[in-house]
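Asker: Pasting in a structure now, in structure tokens, and then I'll have a few things to ask.
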Amino acid sequence: MRIYLLLAAIAGGVTYLVTPLIRHIAIEIGAVGEVRARDVHTIPTPRLGGLGMLIGFAVAMVFASHLPFLSGLFANNHQPWVVLAGAVMISLLGMADDLWDLDWMLKLAGQLLISVFVAWGGLQIISLPLGSLVTASPSLSMAITAILIVASINAVNFVDGLDGLSSGIVAIGGIAFAIYSYIIARSSPSYASLATLIDVALVGICVGFLLHNWHPAKLFMGDSGSMLLGYLITCASIVMTGRLDPATIHASIYLPAFMPILLPILVLFLPVLDMCLAIVRRVSHGQSPMHPDRMHLHHRMLKIGHSVRGAVLILWGWAALIAFGSLTILFFPIGYVLVGMAVAVALLSAATLFPYLKRRLPDIREENAQFAAAKRQGKGGTEGDGGSTDV
């Protein structure tokens, strides 16, 4: 565990140190995000923060390859280098979009090609949760892998709308997933795990960048960063499927504690939910699925009355509830977990709705008072009219 903590610190430290340099480069080359109608920020802010995150991840991976504890993961195994190569390519695609605002279809095609390359390089979903773990055919594995990677990339990209939101959500998911993959690795002769390595490096670069991206942000990660985060957390979940033996492990054992194909959805539940709602909303209005708007979850939080920081913290809370709530099934009876999650849901719901209720309660009281006064006046008028008639 200490080795993984060291690698997380290296990834985070490198990201933190190189990000100011990346900011300077972004300003020099004109990679500065103009304020658009859908944006929350009010002043132009440099982008390309994903480049600093990529450098932090690459340094951590290279450093890990020279550690005795983890060197076996890199010996006669090209998966770590395939993951790193895909990370470089997805970040370069995101940088191109940050600089030249690529057409969404071109960007989607690039994401799909990179995902197919990674799957072709050996990073594939090798099993499906169909009652029992069933080994998929190579072509089906590649297709599922590519679709899963592209979906996760765009889910994180969709939710990247407030300072620190996407990096915090991915870091929370990465921590939960790292714990799970570490537990799985402990059942093997060696505790070394490529999935855990990717996760801890991912958490490190998120934290390192978050120190510069907390509101008000000095730098945005841009598509080069959001796409990288979605890619890496999905790669970690795919790598982990290699530790599950379809011949000896039944799916019922792992389904309550993250089936690998469900992991990205669970740890990225909010981004995936936001993406699905956005696609349905836009298609129902006859728009492109990638048409920008101000109806994302974080926009709705701001409309309720939350500050940027408050909205981010509450959305982090929901992400932690889903990720860690699922993880606790490994350690506690499901009844206790459900009770704890119910209490957490109640508290988070109250925190989510507090600004709206705070604003609306005085209005509701005033409306009730006006209604009561009108009702009393109505009764008084009726009695007076009756008295005049008697006279």
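The values are calculated or read from the model by the stated rules, or taken from the named source; none is laboratory data. This one's a predicted model, so the numbers in the text were calculated from it and none came from an experiment. Note: ideal-geometry Cβ built from the backbone for every residue, glycine included; neighbour counts use all protein chains shown.
Asker: Could you go through the range 304-317 and let me know if any residue there is part of a loop (DSSP other than H, G, I, E, B), at pLDDT 80 or above and more than 30 Å from P80 (Cβ to Cβ).
Answerer: Step one: filter the range 304-317 for residues part of a loop (DSSP other than H, G, I, E, B), giving 305-307.
Subset that is at pLDDT 80 or above: 306-307.
From what's left, more than 30 Å from P80 (Cβ to Cβ): 306-307.
Checked the range 304-317: at least one residue is part of a loop (DSSP other than H, G, I, E, B), at pLDDT 80 or above and more than 30 Å from P80 (Cβ to Cβ).
Asker: Moving on to the next point. Would you be able to say whether some residue in the range 6-28 is farther than 25 Å from F177 by Cα, buried (at least 21 other Cβ atoms within 10 Å of the Cβ) and among the basic types (K, R)?
Answerer: Yes.
Asker: Right, another one. Checking A96 against (1) closer than 16 Å to G49 by Cβ; (2) surrounded by 17 or more Cβ atoms within 10 Å (Cβ to Cβ), which test does it fail?
Answerer: (2)
Asker: For the range 161-172, enumerate the residues that are under 13 Å from A311 (Cα atoms) and either out of contact with any Pro (no Cβ under 7 Å at 6 or more places or on another chain) or modelled with pLDDT under 90 (or both). Spell out how you get there, then give the answer.
Answerer: Filtering the range 161-172 down to residues under 13 Å from A311 (Cα atoms) leaves 161-166, 168-169.
Within the range 161-172, G161, L162, D163, G164, L165, S166, G168 qualify.
Asker: Can L6 be described as over 24 Å from the mean Cα position of the chain (by Cα), among the hydrophobic types (A, V, I, L, M, F, W, C) and modelled with pLDDT of 90 or more?
Answerer: On the way: over 24 Å from the mean Cα position of the chain (by Cα): no; among the hydrophobic types (A, V, I, L, M, F, W, C): yes; modelled with pLDDT of 90 or more: yes.
So L6 fails the test.
Asker: Looking at (1) assigned to a helix (DSSP H, G or I); (2) modelled with pLDDT of 75 or more, can you tell me which one S252 breaks?
Answerer: The single condition S252 does not satisfy is (2).
Asker: Something else about it: What about L268, is it modelled with pLDDT of 75 or more, under 17 Å from the mean Cα position of the chain (by Cα) and closer than 23 Å to T352 by Cβ?
Answerer: Values: modelled with pLDDT of 75 or more: no; under 17 Å from the mean Cα position of the chain (by Cα): yes; closer than 23 Å to T352 by Cβ: yes.
Answer is no for this residue.
Asker: Could I ask something else about it? For V14, indicate whether it is within 27 Å of H215 (Cβ to Cβ), assigned to a helix (DSSP H, G or I) and in contact (Cβ under 8 Å) with a residue 60 or more places away in the chain.
Answerer: On the way: within 27 Å of H215 (Cβ to Cβ): yes; assigned to a helix (DSSP H, G or I): yes; in contact (Cβ under 8 Å) with a residue 60 or more places away in the chain: yes.
Yes.
Asker: Identify, please: which residue in the range 108-126 is touching a Gly at 6+ places or on another chain (Cβ under 8 Å) and part of a loop (DSSP other than H, G, I, E, B) and is, among those, nearest to I233 (Cα to Cα)?
Answerer: L123
Asker: Going by what's in this entry, would A344 be described as at pLDDT 85 or above, in a helix (DSSP H, G or I) and under 29 Å from A176 (Cβ atoms)?
Answerer: Working: at pLDDT 85 or above: yes; in a helix (DSSP H, G or I): yes; under 29 Å from A176 (Cβ atoms): yes.
The answer is yes for A344.
The rows are residues; the columns are (1) outside any helix (DSSP H, G or I); (2) polar (S, T, N, Q); (3) touching a Lys or Arg at 6+ places or on another chain (Cβ under 7 Å); (4) farther than 18 Å from R47 by Cβ.
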{"position": "N157", "(1), (2), (3), (4)": "no, yes, no, no"}
{"position": "G161", "(1), (2), (3), (4)": "yes, no, no, no"}
{"position": "I175", "(1), (2), (3), (4)": "no, no, no, yes"}
{"position": "H215", "(1), (2), (3), (4)": "yes, no, yes, no"}
{"position": "D223", "(1), (2), (3), (4)": "no, no, no, no"}
{"position": "A236", "(1), (2), (3), (4)": "no, no, no, yes"}
{"position": "V239", "(1), (2), (3), (4)": "no, no, no, yes"}
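Asker: Continuing with the same structure: Just the residues that are over 28 Å from I184 (Cβ atoms) and among the small types (G, A, S), please, taken from the range 304-320.
Answerer: Those that are over 28 Å from I184 (Cβ atoms) and among the small types (G, A, S): G305, S307, G310, A311.
Asker: A follow-up question, please. Name the residue, out of L361, L330, that is surrounded by 10 or more Cβ atoms within 10 Å (Cβ to Cβ), modelled with pLDDT under 90 and under 30 Å from S181 (Cα atoms). Before you say what the answer is, go through the steps one by one.
Answerer: Working: L361 fails: under 30 Å from S181 (Cα atoms).
From the options L361, L330, the qualifying one is L330.
Asker: Those residues that are without any contact (Cβ under 8 Å) to a residue 60 or more places away in the chain, under 21 Å from I184 (Cα atoms) and in a helix (DSSP H, G or I), I need them from the range 321-341; list them, please.
Answerer: Quick first cut of the range 321-341, residues without any contact (Cβ under 8 Å) to a residue 60 or more places away in the chain only: 321-322, 325, 328, 331-333, 335-341.
Next cut, under 21 Å from I184 (Cα atoms) only: 322, 325, 328, 331-333, 337.
Those that are without any contact (Cβ under 8 Å) to a residue 60 or more places away in the chain, under 21 Å from I184 (Cα atoms) and in a helix (DSSP H, G or I): I322, G325, T328, V337.
Asker: Taking the stated definitions as given, is F63 in a helix (DSSP H, G or I), surrounded by fewer than 20 Cβ atoms within 10 Å (Cβ to Cβ) and modelled with pLDDT of 95 or more? Can you show your working first?
Answerer: Details: in a helix (DSSP H, G or I): yes; surrounded by fewer than 20 Cβ atoms within 10 Å (Cβ to Cβ): yes; modelled with pLDDT of 95 or more: yes.
In short, yes.
Asker: In the range 346-357, what residues are surrounded by 15 or more Cβ atoms within 10 Å (Cβ to Cβ) and of a type in the set (A, V, I, L, M)? Talk me through it step by step, then tell me what you get.
Answerer: Within the range 346-357, the subset surrounded by 15 or more Cβ atoms within 10 Å (Cβ to Cβ) is 348, 351-352, 354-355.
If the condition is that a residue be surrounded by 15 or more Cβ atoms within 10 Å (Cβ to Cβ) and of a type in the set (A, V, I, L, M), then L348, A351 are the ones that fit.
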